[in-house]
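Novice: Take this structure, written in C-alpha cells, and hold onto it; I'll ask about it next.
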C-alpha cells in the first residue's frame, strides 16, 4: 500500500507565478493587435471624455463673432468657418462656436453615456437575471415574461414618450437632459444582460462545485456572488463592452432627432443634425462628428471582440 | 391505479403516493433547535428513509424505506451498482437532495441526537460543513475554478468557526499539510487547475475536515482517480478519520475498498438495503444472491487467464412503481414463485446484526446456511 506523501527534503524554488483567470485573459488579449488598438482608442476616448474640456481651445458655447465678421469682411461670406480659419482648427458652426471644442464636449457626453448606461443595465439586468436563474420555477417564469415584454416594447417609442413626459420636469433637465437619456436607454436595454446572466446561472448552478459549496453550508447569497458570478463574469463583460457602441449610437440618434441633450450643449449626434443643414457648402460640420462616432464604435467593438476571445475558456490554447 | 409491470407482466399493487405537499409538511412540522441535543447512543440513526423524485414520467422511488445506524468514529460502507440509491441516501443525510424534483417523503434521520428533517434550513446549514463533511466523487469539478485553493478551504472555516482571517489562514495551512500537500503555505494562492486530480481530492478532504466534523459523507471519493492515487487517498481518509475520531459513511461500488475501509457494510439494491452486516460476515457468509453476485464478479488472483469476468445478468429495475415482489428476482438464479408474490423483509440471519432481505436464505428457505 502507498504511504502519505512527505515534503521534499531541501528547498525547491518555485518560479511559477500563480496564474489566475485574469492574468490568463490579459495574456491572450495582449496577443490580439486589433483588440489592443481598440483598448488604446477606448483609453484615449476616456481620457478625452474626462479631460477634454480642459484641453479645448474655447468654451463649447462661446461664439467667436469677431472671426465671423472678419471672414465676411475678407469675402468668405457669412456662415460657418472652414477648418484652419482664424484660429479654429476644425472650423466653427454658423454661430461661430469652435467645432473642436464642441466635439470634445461631445466626447464627454458619449463617454458618460457609455459608462452610465451600462451601469444602469448591470444594476437592473444582473439582479433580475441572477434571481431568475437561481430560483428558477415560477419566479423565473414571471421575471422572464416581464423581460420579454420589455424586449417587445419599441425602444425608440418608449424613449420618446419618456422624454416628452419628463422634458419640463427637474428630472428631465438634470445634466442638460442627459440623466433622462441614461435612464431611458438603460431601461430599454437591460434585457440582454438579464437573459445572459440567467442562462449562465442556470448552467452553473448545476455544477458540482456549487453542490460542494452547499455541502459546506455556504448561504445562497454567497454562492451566487462568490461562486457563480465570477464564473459567469466573462460573457457579462463582453456583453457590456459590445453594448456600449449601441448605447452611444442610441444617444446620437436621439440627439439627432432632437430629443437628446439640450442646447447649447452638443453631442456628436446633435452636431451632425446641425451640420446637416450646411452639408453642401461645409461638409466638415458633418464629417468630423461622424468620424468621432465611427471611431468610438469601432474601438469598443474591437475591444469587445478581443475580450470575448480572451475570456472564453473554450478558446484556450487556440489562435 | 394499477400499472402492469414491464418485467413480470402482472399488475402492480396500488401504491399510495405521497404528494409533494405532504412531503413538505413532513419536513417542516414542528421545528427542533440545534441547542437542545438529547444524548444519542449512535451518531447517525436513519429510520425508514424514503427519498422520491417527482419526475414527469412518474415518482422514482430512489431510496425506499432504508434504515441504518452509524456509531461515533465508525466507518460504514454503502455498496451497490449505479442507480441503486447510495448517493441519494448520503445526500438525504445532508439534506442536499436537489429539490425539485427530489424530496425526502418519509423517515427519520437522527444525527447526534437531532432529528435533522425537522431542522430549519439555517440550522441545517450550520450543520453542513461543520459537523457533516462531504467528499465528492469528482475532485476535478468539485472545486470552483475561479477561486484560490486557500479561499475555498477557508470558506467553511470562516463560515462556521468565526476565526479571524489570519487564524483561518493558519488553519488552512495546517490542514493542507495534514492532507499531505507539500509546501502548503506557497500554494494557498494557487487555483485548482494548478493541482493534479489526487491533490485536488486531498484539498477536498481538507475542506471536509476543516471544521472537525463528526461525520464525513464520502461519495465514491476515489472513482475519478487512478489506482495508486486511490490507495493513497483511502489511506489518508482512514488515517485522518482515526485521528479525529470522525465517522465515515463511505459510498463505493468497489467491494475491495469496502472490505479494506469499513467496519460494517450495507448492500443496496434498487433503493433498498438488501443485506447488512460486518465486513467479515458479509465477505465470508453473504446471505443475499445480489451480494454473491457482487463478490463473484470481482476478478480473482486464481482466475484462469483469458476467462471472461462473471457478471450479474440484466439491469436494475426502474424505480417507478415497483411491484410488491423481491426487486432482485428478475436477475436472480434462485428465484421461486414466492419471490414474485411478496417482497421479503430484512430479517436476521445466523449472526445477530447480520440481516438479509431474501426468501431463499431465511431459516425456512431453500438455501440453508
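The values are calculated or read from the model by the stated rules, or taken from the named source; none is laboratory data. What you see is a predicted model; the values in this text were computed from it and never measured. A quick note on method: Cβ atoms are made from the backbone with ideal geometry, for glycine too, and the neighbour counts reach across all protein chains shown.
Novice: Quick check on this structure: which one of B:202, B:272 is within 15 Å of residue B:179 (Cα to Cα) and touching a residue at least 12 places away in the same chain (Cβ under 8 Å)?
Specialist: B:202
Novice: Those residues that are more than 10 Å from chain A (Cβ to nearest Cβ) and closer than 21 Å to residue B:236 by Cβ, I need them from the stretch B:151-162; list them, please.
Specialist: B:154, the sole residue that qualifies.
Novice: Can you tell me which of (1) out of contact with any helix residue (DSSP H, G or I) (no Cβ under 6 Å at 6 or more places or on another chain); (2) away from every other protein chain (no Cβ under 14 Å); (3) modelled with pLDDT under 85 is the one residue A:58 doesn't meet?
Specialist: Residue A:58 satisfies every listed condition except (1).
Novice: Let me confirm something: among B:223, B:228, B:148, which residue is surrounded by fewer than 21 Cβ atoms within 10 Å (Cβ to Cβ), modelled with pLDDT under 85 and facing another protein chain (nearest Cβ under 10 Å)?
Specialist: B:228
Novice: Name the single residue that is nearest to residue B:212 (Cα to Cα) among those in the stretch B:133-144 being more than 7 Å from chain A (Cβ to nearest Cβ) and touching a helix residue (DSSP H, G or I) at 6+ places or on another chain (Cβ under 7 Å).
Specialist: Applying the filter and picking the extreme gives B:133.
Novice: Further question: For the stretch B:327-364, name all the residues that are in contact (Cβ under 8 Å) with a residue 24 or more places away in the chain, touching a strand residue (DSSP E or B) at 6+ places or on another chain (Cβ under 9 Å) and surrounded by fewer than 19 Cβ atoms within 10 Å (Cβ to Cβ).
Specialist: Within the stretch B:327-364, B:346, B:351, B:353 meet the criteria.
Novice: Now a separate question. So residue B:165 ticks every box in (1) away from chain A (no Cβ under 11 Å); (2) out of contact with any helix residue (DSSP H, G or I) (no Cβ under 6 Å at 6 or more places or on another chain); (3) at pLDDT 85 or above but one. Which box is left unticked?
Specialist: With (1) away from chain A (no Cβ under 11 Å); (2) out of contact with any helix residue (DSSP H, G or I) (no Cβ under 6 Å at 6 or more places or on another chain); (3) at pLDDT 85 or above applied to residue B:165, the lone miss is (3).
Novice: Test each condition in (1) under 30 Å from residue A:89 (Cβ atoms); (2) in a helix (DSSP H, G or I) for residue A:237 and report the one that comes out false.
Specialist: It is condition (1) that residue A:237 fails.
Novice: Identify, by number, the condition in (1) surrounded by fewer than 17 Cβ atoms within 10 Å (Cβ to Cβ); (2) in contact (Cβ under 8 Å) with a residue 24 or more places away in the chain; (3) within 30 Å of residue A:210 (Cα to Cα) that residue A:146 doesn't meet.
Specialist: Evaluating residue A:146 over (1) surrounded by fewer than 17 Cβ atoms within 10 Å (Cβ to Cβ); (2) in contact (Cβ under 8 Å) with a residue 24 or more places away in the chain; (3) within 30 Å of residue A:210 (Cα to Cα) leaves (2) as the failure.
Novice: Restricting to the stretch B:128-175, give me the number of residues that are touching a strand residue (DSSP E or B) at 6+ places or on another chain (Cβ under 7 Å) and not in a loop (DSSP other than H, G, I, E, B).
Specialist: Here the count works out to 4.
Novice: Tell me, yes or no, whether the stretch A:180-202 has at least one residue that is surrounded by 17 or more Cβ atoms within 10 Å (Cβ to Cβ), more than 14 Å from chain B (Cβ to nearest Cβ) and without any contact (Cβ under 8 Å) to a residue 24 or more places away in the chain.
Specialist: Yes: the stretch A:180-202 contains one or more residues that are surrounded by 17 or more Cβ atoms within 10 Å (Cβ to Cβ), more than 14 Å from chain B (Cβ to nearest Cβ) and without any contact (Cβ under 8 Å) to a residue 24 or more places away in the chain.
Novice: Taking residue B:211 as meeting all but one of (1) crowded, with 19+ Cβ neighbours inside 10 Å; (2) assigned to a helix (DSSP H, G or I); (3) at the interface with chain A (Cβ under 9 Å from one of its Cβ atoms), write down the number of the exception.
Specialist: (2)
Novice: Let me ask something else. How do the helices (runs of 4 or more DSSP H) wholly within the stretch B:235-326 filter down when requiring 1 or more residues that are over 17 Å from the mean Cα position of the chain (by Cα) and buried (at least 23 other Cβ atoms within 10 Å of the Cβ): which remain?
Specialist: B:279-284, B:289-296
Novice: Can you name the residue in the stretch A:204-233 that is in a loop (DSSP other than H, G, I, E, B) and facing chain B (nearest Cβ under 8 Å) and, of all such residues, is farthest from residue A:136 (Cα to Cα)?
Specialist: Residue satisfying both the conditions and the ranking: A:216.
Novice: Hey, any hits in the stretch B:168-178 for a residue that's buried (at least 19 other Cβ atoms within 10 Å of the Cβ), over 24 Å from residue A:206 (Cα atoms) and modelled with pLDDT under 85?
Specialist: The answer is yes, given that some residue of the stretch B:168-178 is buried (at least 19 other Cβ atoms within 10 Å of the Cβ), over 24 Å from residue A:206 (Cα atoms) and modelled with pLDDT under 85.
Novice: Could you list, in sequence order, all residues of the stretch B:74-123 that are over 26 Å from residue B:274 (Cβ atoms) and part of a loop (DSSP other than H, G, I, E, B)?
Specialist: Residues satisfying the conditions are B:99, B:100, B:112, B:113, B:120.
Novice: Which numbered condition in (1) more than 28 Å from residue B:226 (Cα to Cα); (2) more than 9 Å from chain A (Cβ to nearest Cβ) is the only one that residue B:100 fails?
Specialist: If we test residue B:100 against (1) more than 28 Å from residue B:226 (Cα to Cα); (2) more than 9 Å from chain A (Cβ to nearest Cβ), just (2) comes out false.
Novice: Anything in the stretch B:178-207 that is at the interface with chain A (Cβ under 8 Å from one of its Cβ atoms) and in a helix (DSSP H, G or I)? List them, or say none.
Specialist: Correct list: B:186, B:194, B:204, B:207.
Novice: Now for a separate question. Say whether the condition of being touching a residue at least 12 places away in the same chain (Cβ under 8 Å) and either away from chain A (no Cβ under 14 Å) or buried (at least 22 other Cβ atoms within 10 Å of the Cβ) (or both) is met by at least one residue in the stretch B:120-127.
Specialist: Within the stretch B:120-127 (the criterion being touching a residue at least 12 places away in the same chain (Cβ under 8 Å) and either away from chain A (no Cβ under 14 Å) or buried (at least 22 other Cβ atoms within 10 Å of the Cβ) (or both)), the answer is yes, since at least one residue qualifies.
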